[in-house]
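Each remark here refers to the structure printed beneath this line.
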Amino acid sequence: MSAYTIYKELFPPQTVEHVKYGQFTSPDATNLIVAKASLLQIYDFVEYTPTDTSVGLETQDDQTEMEADEEGQDRFNDKDEQALAFPKLKPLKNDLLESSSGRLELVAQYKLNGSVASMGIVRTVSPRGKQGCDSLLLAFNDAKMSLLEWSPATNSIVTVSIHYYERDEYKKEFLTNPYPPDIHIDPQQRCAILNFYGDKLAVLPFRQADSLETSNNSSNEKLPYSPSFVINLESIDRRIKNVIDMTFLGDYYEPTLAILFQTDQTWTGRLANTKDTVSVVVISLDLSNKIYPVIYSLDHLPYDCRRLVAVPKPVNGLLVIAGNSILHVSQGSPGVGIAVNGYTKTVTEFPGMIYDEETIGLELLLDGANAMPLSQGRCLLFLQNGDWVSVKIKQDGSKVVGMDVTKIAWTKTDHEAIISGKSKLPLASVPTCVANIKDGEYFFLGTRVGDSQLIKWSYNSDSEEYTFRVCDTLLNSGPIADMAIGQADEPEEQHQTNDPNSLPDLELVSCSGYGKNGALCVLQRHIRPITTFQFNQNGCEAVWSVKCRKEQYFEGVKVGGNMHQEMRANAWDATADPSSGNVWNTDGSLGDTYDKLLFIGKASSTLVLAAGEELQELQNTDFYTAGRTVLVSTVFDNTRIVQVHRTGVLLLSPGGKLIQTVNVKNAKIIDASIRDPYILLRLSNKSIMILRGDVNTKQLSSMQIPSYISEKKIALASVFADTTGLFTRISDKQAEQAKAQQLRKSSNERKRKMNQNGSQSSNKKKYSSPTPMDKTTTTDELEFDDIDLDLYGEQDATEIKQEVKKEEKSNTSNAATPTQPMDEDEADVNDDDDDDDAMLYGSQYDNTQNNQDPTMMNATLGDIDEVNVSVKGNLSEMTPITFWCMVYAMDGTLKLFSLPEFEECFSAPLFNMLSLLVTDRRAQHGSSNTTNAATSTNGNSTSGAETANTAKATTVPATASGIEEEYVDAGLIQEILMTNIGKERKDPHLVVRTRASNIIVYKAFSYLPTLPGAEVDHHDVEISDRHSESVDGKRLAIRLSRVHHEYVSRKTELLDEQQQKQELGVDDDEDEESNNNQQQRLLIPFDDVSGYTGVFVAGSQPIWLMCSCKSFVRVHPMKVRHDEEIIGFTQFHNVNCHHGFITIDSKSNLRLCNLPTDGISYDMDWVMRKVPLGQTVHKIEYHPTMQVYAALVSEAEQVRLQTEEGTFMDGLEDEEREPGQFLPIVDRYSLIMISPITWETVDRVVFEEFEQGLSLHCSVLESKQTSSGTKNFIAVGTGYLRGEDTAMRGSIYIFDIIEVVPEPNNPQTNHKYKHLHTEDVKGAVTSMCDVSGHLVSCIGSKVIIWSFEDNESLVGVAFIDVQIFVTSISSIKNFIVLGDAQKSVWFLGFQLEPAKLVMLGKDYQSFEVSTTNFIIDDKSMYLLIGDTDDNLDIFQYAPFNLQSFAGQKLMRRGDFHIGSQVRSMVRLPQITRTSDKYEYNRRHFCLCGTFSGSISVVSPIPEKTFKRLNTLYGQLVNGLQHVAGLNPRAFRLIKGPKQRMSSNRTKAVLDGDLIFEFAGLSVNQQREMTKQIGTTVARIMEDLVDIDSSIDHF
């Protein structure tokens, strides 16, 4: 019987393997492109100015910390360390970050069908290149290369070309490719090379802008590259074999390539015979004539050379980094080297090597070091152990005569401070890649084993010292060495309500990191809020909290109430400081003020409570309490309360006194949306009404709605205030872009001038003092120079325009009367005086950029209106707020109107198709061209594909009449909300809830239609309006792109239909309406819950939508009990509940809750807490009865190998070692116990020197101490590693965990290890498990089963001989599966009476197994095997199958390539949803943790589902555009030299990653695909929900 399973990645890879830096998304952007195995991420590097508050907080922290452990004094006085990092730094530790800091903001991310092997950034002559943008070149493992560009029209990546060299004639003897391909790019962008299959070079020449070949108008002219060709390196120079590294050199007339290779290979044991086998050769690539002369070469370099680094001018030449030395090679020089440890003499006889005692005394080990060349002949090396080295090349004239090598090391106190989070110093062991950003200021260091870091640095040339500070980190959960499942710590009051139907709360704990970066990662899928207080309030169904305040009088002038709110209402939101975690500025100037009132809505009344220390009901107020309330909010800058009920609107003072009533006569109000000063009411007769507050009279008045809105049937509507300045009209945007280009040109020219004359002051143009100026002239004539550019940062041009405008406007604002509309595009923005701004935004800008002359800077600051100038990303610039009314009509059209003029600025017909890209297409208002324009875009905006191919295929009627005739299911969309989501920066998102409660999120991005006569990007032809003359300047310059997320709602349309049939008994008008109203508001925005701004989705499966700048909108489900449904939510900030929230469930319980934030990150796909341990964590197990974790950790120590008698093996006495000959490093292991409540280490058992902890298992063994006859013990297996001359021996330790009296003031320390028994064995104990109450241990090549007698001794009861080295073992009932390091899988059975162990079957192929487990599908059992070639294999013991020779041969049932090695698996039962509860069923799935930090699942599914999804998979493979042109089928084929022979034909594993993409497609794409395979969308969605909910444990 076949196995039917599905594979799905639940948590994406996190280990950074490659990083490149360039201008990818726009000419102004500074992008960092990061590859994490199969995940490609594009970040924006943003520089911002930390504001005073956060700096203040940090300085306080730092002072207290210095007093506390005098760590600072340590650092400054500690003279023992040789090259101390900070000998002379007296100021505080965050000195470097005071003036400016940087952070990374995620722009886009893509899952690739392949792992990125190498990356390069190149500037081509394509239209994008001419605009000043780079292209990205990716290489993949099988000699493939893809060229990618960014498309601003779709806000996504586009594949320009794919190049493929995987031909048999290149492969020679390789079945697979042992050398990963490598991309190198010529610094002058003339060509790129791909080094593959060892000694082959594929050359991709790029067309040059000024080349003369363009005369022959060939079809290839559009392409930015010429045809590529392959060079065999042996044809250039016969000696070139075994290429180690290569790199391009700059400043040559032709592209010039240096190649490091080793003709005859040798190794450390053969050095007496052959040494100095490495050579370097430099060749020139003449691309037009295909001639490759050798320029120079140098032989007899040390055998351990690993890396080439091109040294920039003025030094030039090459640095060769070897394991024990650094060499410099250049044309005409014999080569200079410097030894960095005491072993260099023995491994090389290189003639130019300098042996300097001080440098040898550094004892550096340069294996695997990464290099970052700097200017002036300096270079930084990042070593594998986390130390950094500075190399400075010494020159005599132009000749290189030596190198100064200094070590930048952190002291032990530094390490402790970094691990505890107190210090901002960088710590990164095992760095994989480095990218220099903003030359001389920042760099990014990527690592596999720890968090990758963005580091700001400076170099003091006088003292020759470096200073480093971490600005930002990318969290890393990999590499996952082991995983355990534990029970989540529950708050006290929830223990009592434990009902038998609910499943236990589980959490997944993984070991990750290495060395000082070692940590535990605690992962949860659901948010688990902390409830601080709960009470029952009968019949409640909604809740609102209100902040309000009285007007303040300041020296007789009314300040608070009369701030012109149109400008200020949410501008404050924007001024909230992005960098300080603890200072939240929520809504308006209220800052951290508490909520004053709490409204609780019931079906027929409303309760008003005062929210002080306690909640008390208010008496004698004019609030409407007699009926149901629709919405409560504040207007006039939080000084008036608005209460909307079914028949009218009340305006009240903060004290609850009625000021004004607006009654609505002919229809009931069913929904309202309030954005100070606008109030939009949606009525039951499908129309809307808008009220507007007048600042001066403090009264509401109704606005006239134009007929083209009021005549339509409106399904949904709301008001949105844009505080980011993203919603700009096309005409404004064009002006800004022109200015930005001019600015870029002028700044380049100025830089040239400055290089010539060096004087800064001559370029400065003084701004005139504040006097009224004519707006248009100034904007056009403003000159920008370098200083301004530094002030503005490399920001998007949007801000420049707005700030300039803003600045003159605030200068002229006295002349303008407050109510008069100023300008069309800034809807009624009024400004206060400058000094007012200065009061508010005071001195946070008074910092000077480090690279400017400070006096100059201050002089300019006096003249520029300070408030309008800012570094990009600080968000403190006062962007004018614009107000928009969003209307979704019954015909499925979404429109945006500007307020207060009601101009239509954006229109998207057929929005209910939920396409991947929503573009602005106007309806037919007379002009005939627009129809064609609409047709050309229509197909594409609905199919949402990236290029033109699919656009032609979709047929959707485009004319207005066509749309009406076609059945439009406008009711598919139940709710629409436009709101800001974010943390450090808040971006406008459009959130849509469909009928089946699926959540679709769109993100707005700015897009300018192409101007007439401009060069059109060829990816864009179909999408952009080709009739450029129809581009209307008043339309909005934005588009919406759909944000991909994996979450599928549990409520599908199939279930929905069944429920509706039951509910169809209601026909009374009032009831129906109330029903209708109750289901309405499930999307509830919040603007400050623990510092996050986002959306809460209420319902039976509540969801949080939140994001930080390092992630897209994350969809985090919240844990609720299965019979409760959350129906109401509001944010709440009060004495007892800081920045928390209140929920109401269907049983009328109100809960005050907080989001847990200490150390917990909501930015990842799952909720993750990282617990740094500062040691490598190898194994982890959970002890279920004592509820603690046991972990095996190690720290590296230097050791001298001794024999058993204690004599040193090297035969030397203590004093005889040469200087600089460092000792070998061996791990010292210990067993620790971790409490899951505070995650601190509460007990530790240290093993002996040389004793390696190899296995750890929480075993259920027979014991007479318990009534059940079994008990959990912790078993540890070890082995002694004393080099190859000593026979291996090992031990098995048995520990019990006992309860003890805790230490005072630390209740977590109430458990300890009790050592019960040690069994010494002959051989290392490599893995263990338990079977039938007995302990199974693998010792060398034997498997022994032990019985634990009387809790004091182990007695062997059965054994079997296996092959070579058992890497992993697992058991179920009395079956055991074990994986071997060479010989694949064995399947054993154990019989108790009489005890015997037999081999039932094995796999006869040979490959290396890394982990084993079981998958259970009701009555069938399969073995799931992970191998070291990144594959998963499924085997079955099938004795009745003829081919299995009565079961001796295990049948291979399926295989699948994952892309990174699976190192640990845990097995769990699936969950079934029944009508009233969740329960476990008889199918078991496995969670797999990989080296890249990803967590995936392999789960059995029913045969019918499998076959249906398999046909869908075929549709998706052919029907979707895959990033970089990669084929998903090819990626999932099994890889590996030994595996190819044994792969089987049956496809037993589905690629769930691709299948779940189906949920993110547009509605008509979904219908099209399901129609072709003969099923329905609802059916497929039901399958996806079943798969998703069955594995939803965490």
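Confirm whether Ile1000 is crowded, with 21+ Cβ neighbours inside 10 Å and in a strand (DSSP E or B). Talk me through it step by step, then tell me what you get.
On the way: crowded, with 21+ Cβ neighbours inside 10 Å: no; in a strand (DSSP E or B): yes.
Answer is no for this residue.
A quick yes/no check of all residues on (1) without any contact (Cβ under 8 Å) to a residue 24 or more places away in the chain; (2) touching a strand residue (DSSP E or B) at 6+ places or on another chain (Cβ under 7 Å); (3) farther than 27 Å from Leu427 by Cα:
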| site | (1), (2), (3) |
| --- | --- |
| Val1113 | no, yes, yes |
| Asp1123 | no, no, yes |
| Trp1166 | no, yes, no |
| Thr1176 | no, yes, no |
Open item on the list: Residues to consider are Asn1149, Asn1154, Asn1134; find the one that is open to solvent by less than 10 Å² (accessible area, probe 1.4 Å) and among the polar types (S, T, N, Q).
Closed with: Asn1134
TODO: Kindly indicate which of Leu1512, Leu1533 is buried (at least 19 other Cβ atoms within 10 Å of the Cβ), closer than 20 Å to Ile6 by Cα and not polar (S, T, N, Q).
DONE: Leu1512
Open item on the list: Give me the residue from the stretch 696-710 that is over 13 Å from Pro900 (Cβ atoms) and part of a loop (DSSP other than H, G, I, E, B) and, out of that set, least open to solvent (accessible area, probe 1.4 Å).
Closed with: Lys698
Open item on the list: Can you pull out every residue in the stretch 1171-1219 that is in a loop (DSSP other than H, G, I, E, B), more than 31 Å from the chain's Cα centre (by Cα) and under 18 Å from Glu1251 (Cβ atoms)?
Closed with: Val1199, Arg1200, Leu1201, Thr1203, Glu1204, Glu1205, Gly1206, Met1209
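Go over the candidates Lys222, Lys171, Lys200 one by one and state the one that is closer than 29 Å to Ala371 by Cβ, of a type in the set (Lys, Arg) and modelled with pLDDT under 90. So that I can check it myself, show each step before the final result.
Working: Lys222 fails: closer than 29 Å to Ala371 by Cβ; Lys171 fails: closer than 29 Å to Ala371 by Cβ.
From the options Lys222, Lys171, Lys200, the qualifying one is Lys200.
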Open item on the list: For the stretch 476-505, give me the residue count where each residue is at pLDDT 90 or above, of a type in the set (A, V, I, L, M, F, W, C) and open to solvent by 20 Å² or more (accessible area, probe 1.4 Å).
Closed with: 2
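Without any contact (Cβ under 8 Å) to a residue 40 or more places away in the chain, closer than 28 Å to Ile480 by Cα and outside any strand (DSSP E or B): does that describe Gln1382? Give the derivation first.
Numbers: without any contact (Cβ under 8 Å) to a residue 40 or more places away in the chain: yes; closer than 28 Å to Ile480 by Cα: yes; outside any strand (DSSP E or B): yes.
Considered against the rule, which asks whether it is without any contact (Cβ under 8 Å) to a residue 40 or more places away in the chain, closer than 28 Å to Ile480 by Cα and outside any strand (DSSP E or B), Gln1382 comes out as yes.
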- [ ] Could you give me the residue pairs with C-beta distances under 7 Å whose first residue belongs to the stretch 691-710 and is free of Cβ contacts under 8 Å to residues at least 24 places away in the same chain, whose second residue is hydrophobic (A, V, I, L, M, F, W, C) and part of a strand (DSSP E or B) wherever it lies, and which are 6+ apart or on separate chains?
- [x] Ser701/Leu691
TODO: Out of Arg1042, Arg1026, report the one residue that is at pLDDT 70 or above and either assigned to a strand (DSSP E or B) or not acidic (Asp, Glu) (or both).
DONE: Arg1042
Task: Output for the stretch 1365-1419, where each listed residue is over 34 Å from the mean Cα position of the chain (by Cα), open to solvent by less than 20 Å² (accessible area, probe 1.4 Å) and of a type in the set (Ser, Thr, Tyr) - done: Ser1384
Task: Qualifying positions in the stretch 300-332 - open to solvent by 60 Å² or more (accessible area, probe 1.4 Å) and outside any loop (DSSP other than H, G, I, E, B) - done: His300, Arg306, Arg307
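Quick check: is even one residue across the stretch 1208-1216 touching a His at 6+ places or on another chain (Cβ under 6 Å) and open to solvent by 10 Å² or more (accessible area, probe 1.4 Å)? Write out each step before concluding.
As a first pass, look at the stretch 1208-1216 and keep what is touching a His at 6+ places or on another chain (Cβ under 6 Å): none.
No: zero hits.
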- [ ] Please identify the pairs in which a residue from the stretch 1283-1308 that is under 18 Å from Leu1201 (Cβ atoms) has its Cβ atom under 7 Å from the Cβ atom of a residue that is assigned to a strand (DSSP E or B) and open to solvent by 90 Å² or more (accessible area, probe 1.4 Å), counting only partners at least 6 apart or on another chain.
- [x] Arg1289/Asp1320
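How many residues does the stretch 409-462 hold that are in a loop (DSSP other than H, G, I, E, B), crowded, with 16+ Cβ neighbours inside 10 Å, of a type outside the set (Gly, Ala, Ser) and on the phi < 0 side of the Ramachandran plot? Steps first, answer last, please.
First, the residues of the stretch 409-462 that are in a loop (DSSP other than H, G, I, E, B): 410-411, 420-430, 448-451, 461-462.
Now drop any that are not crowded, with 16+ Cβ neighbours inside 10 Å, which leaves 410-411, 422-430, 448-451.
Then keep just the ones that are of a type outside the set (Gly, Ala, Ser); that gives 410-411, 422, 424-427, 430, 448-449, 451.
Of the ones still in play, those that are also on the phi < 0 side of the Ramachandran plot are 410-411, 422, 424-427, 448-449, 451.
Here the count works out to 10.
Suppose the filter is open to solvent by less than 50 Å² (accessible area, probe 1.4 Å), within 16 Å of Thr1412 (Cα to Cα) and not in a loop (DSSP other than H, G, I, E, B); does Asp1330 pass it? I'd like the intermediate steps shown before the answer.
Numbers: open to solvent by less than 50 Å² (accessible area, probe 1.4 Å): yes; within 16 Å of Thr1412 (Cα to Cα): yes; not in a loop (DSSP other than H, G, I, E, B): yes.
Judged against the criteria, Asp1330 is a match.
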Task: Matching residues, the stretch 647-670, being within 44 Å of the chain's Cα centre (by Cα) and open to solvent by 20 Å² or more (accessible area, probe 1.4 Å) - done: Pro654
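Can you name the residue in the stretch 287-299 that is open to solvent by less than 50 Å² (accessible area, probe 1.4 Å) and either touching a His at 6+ places or on another chain (Cβ under 6 Å) or in a strand (DSSP E or B) (or both) and is also nearest to Tyr355 (Cα to Cα) among such residues? I'd like the intermediate steps shown before the answer.
Our first condition is that a residue be open to solvent by less than 50 Å² (accessible area, probe 1.4 Å); within the stretch 287-299, this holds for 287, 292, 296, 298.
Restricting the remaining residues to those that are either touching a His at 6+ places or on another chain (Cβ under 6 Å) or in a strand (DSSP E or B) (or both) gives 296, 298.
Details: Tyr296: 26, Leu298: 21 Å.
Among residues in the stretch 287-299 that are open to solvent by less than 50 Å² (accessible area, probe 1.4 Å) and either touching a His at 6+ places or on another chain (Cβ under 6 Å) or in a strand (DSSP E or B) (or both), the one nearest to Tyr355 (Cα to Cα) is Leu298.
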Open item on the list: Let me spell it out: the conditions are (1) in a strand (DSSP E or B); (2) surrounded by fewer than 17 Cβ atoms within 10 Å (Cβ to Cβ), and Pro180 meets all of them except one. Which number is the exception?
Closed with: (1)
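Checking the condition under 18 Å from Gly332 (Cβ atoms) and modelled with pLDDT under 95, which residue from Asp276, Asp299, Asp245 passes? It would help to see each step written out before you state the result.
Working: Asp276 fails: under 18 Å from Gly332 (Cβ atoms); Asp245 fails: under 18 Å from Gly332 (Cβ atoms).
None of the others qualify; the one that does is Asp299.
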Task: For Glu254: the one exception among (1) part of a loop (DSSP other than H, G, I, E, B); (2) over 22 Å from His328 (Cβ atoms); (3) open to solvent by 70 Å² or more (accessible area, probe 1.4 Å) - done: (3)
TODO: For the stretch 510-553, enumerate the residues that are under 30 Å from Gly478 (Cα atoms) and assigned to a strand (DSSP E or B).
DONE: Ser510, Cys511, Ser512, Ala519, Leu520, Cys521, Val522, Leu523, Gln524, Ile527, Ile530
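The values are calculated or read from the model by the stated rules, or taken from the named source; none is laboratory data. These numbers come from a predicted model, not from an experiment. Don't worry about glycine lacking a Cβ; one is built from the backbone with ideal geometry, like all the others, and counts go over all protein chains shown. Heavy atoms of the whole protein, side chains included, go into the accessibility calculation; ligands, DNA and RNA do not. Shrake-Rupley method; radii C 1.70, N 1.55, O 1.52, S 1.80 Å.
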